[in-house]
């Protein structure tokens, strides 16, 4: 497993973990002076932006591939007030919360595979594009009640040859920001073939889905 790329600037450190990157390109499109595309050698330049700007850039990265550490005394990244999972059109599910993935504390942002083809499960590696995975980012809204609490730890347990088991306060949101559901326990499909995406409907057993 590759180690994160760590670049220290005067006032902020940027960590980039390539294995988690889903190439949303928020970094190179919004700040090509900080993340300089298509160059040989050094391509991450923390001092090209203020610590506030670097923080905003990292927080816009849905996969958590970009993280930062402020050296100027400014605020570090904190868990959100509302735990969310966004359903991306023809792509992964993007979590934002105090995540515990497979028993280990993770970054507050992660994109997890739901096409079944990632070679880095449970994380998305972009394979949904190569296998032409098709799944709406706008599932039907389900009736749900506001949660008594909207933050706290979100436990994500990848079940062997099965779904992602979720425990914790979580709001499921469509790609356009519409609230689809509010829940504290569910199972999300990761075989790519459920008829009730993004939720598991047991199809993984019928199709012989494996996670190895």
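The values are calculated or read from the model by the stated rules, or taken from the named source; none is laboratory data. Here the structure is a predicted model, which is why all the values come from computation and not from measurement. Positions of Cβ are backbone-derived with ideal geometry, glycine not excepted, and every protein chain shown enters the neighbour counts.
Could you list, in sequence order, all residues of the range 37-65 that are part of a loop (DSSP other than H, G, I, E, B) and either modelled with pLDDT under 95 or within 25 Å of residue 86 (Cβ to Cβ) (or both)?
Selection gives 37, 38, 39, 40, 41, 42, 60, 61, 62, 63, 64, 65.
Within the range 31-48, can one find any residue that is crowded, with 17+ Cβ neighbours inside 10 Å, farther than 20 Å from residue 110 by Cα and in contact (Cβ under 8 Å) with a residue 40 or more places away in the chain?
No, the range 31-48 has no match at all.
Looking at (1) at pLDDT 95 or above; (2) surrounded by fewer than 17 Cβ atoms within 10 Å (Cβ to Cβ), which one does residue 169 not meet, given that it meets all the others?
(2)
Do you know which of the residues in the range 75-107 that are free of Cβ contacts under 8 Å to residues at least 40 places away in the same chain and surrounded by fewer than 20 Cβ atoms within 10 Å (Cβ to Cβ) is farthest from the chain's Cα centre (by Cα)?
75
Okay, residues lined up against (1) in a loop (DSSP other than H, G, I, E, B); (2) under 19 Å from residue 82 (Cα atoms); (3) in the same structural domain as residue 61 (by TED's automatic domain parsing); (4) touching a residue at least 40 places away in the same chain (Cβ under 8 Å):
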site	(1), (2), (3), (4)
110	no, yes, no, yes
117	yes, no, no, yes
140	yes, no, no, yes
143	yes, yes, no, no
151	yes, yes, no, yes
157	no, no, no, yes
169	no, yes, no, yes
180	no, yes, no, yes
192	yes, no, no, yes
